[in-house]
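Step one of this worksheet: look at the structure below.
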Amino acid sequence: MRFAKKYYCLMGMVGGMITALVAVGRAADGSPASPPMAVHVSPDGVQRAEVTLDSYAYTPNHLVVERGKPVELTLSSITIITPHNFLIHEPSSGLRVEQDVGAGKTVMVRFVPTEPGRFVFFCDKRLWPMASHRDKGMEGILEVK
């Protein structure tokens, strides 16, 4: 009987902690849409932009680029503990980008979009049992003209 009480008390505390973590995660959900940012072509023909990765958000989260010209994104994570990534999976356009960005790190990713359209980029990282960063609103639009 004594063991059962301790077991149920412990399970109640664990359940409460999980509920609190989920509630905190849900409070941070979503990232407001930023206005489209036109990425200009530099004299060397490369379209360069800086993107900040924060808690469940990309800034800017809507980039407009030209097709057929290289895109170079500098991805800077300003989180202290949480790693992120930058993913685009668009098989119909031949566009596939996968870049991990460690907490507090800056990396560069380069690709050439060949098809026009609006493509979603997102972070699929997650801490079990919480929702993925994408589910919390960490996504954006790459618009190719």
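Read-outs throughout are calculated quantities, based only on the coordinates presented, and are distinct from any laboratory measurement. Please read all numbers here as calculations on a predicted model, not as lab measurements.
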* Asked: Which of the aspartates and glutamates could a cross-linker bridge to Lys145, judged by Cα under 12 Å and excluding same-chain residues fewer than eight apart?
  -> Glu66, Glu115
* Reported to two decimal places, what Rg/Rh ratio describes region 31-144 when computed on Cα atoms with Rh from the Kirkwood expression? -> 0.96
* Structure fact -> Stretched fully, the stretch from Ala38 through Arg67 gains (0.36 nm per residue minus C-alpha distance, one decimal, in nm) 9.2 nm
* Stretchable slack from Asp124 to Met108, in nm (0.36 nm times residue separation minus alpha-carbon distance) -> 3.9 nm
* Structure fact -> Taking only C-alpha positions in region 46-91, Rg and Dmax in angstrom work out to 11.9, 36
* Asked: Remind me, relative contact order of region 31-144 in percent, using alpha carbon pairs under 8 angstrom and six or more residues apart?
  -> 27
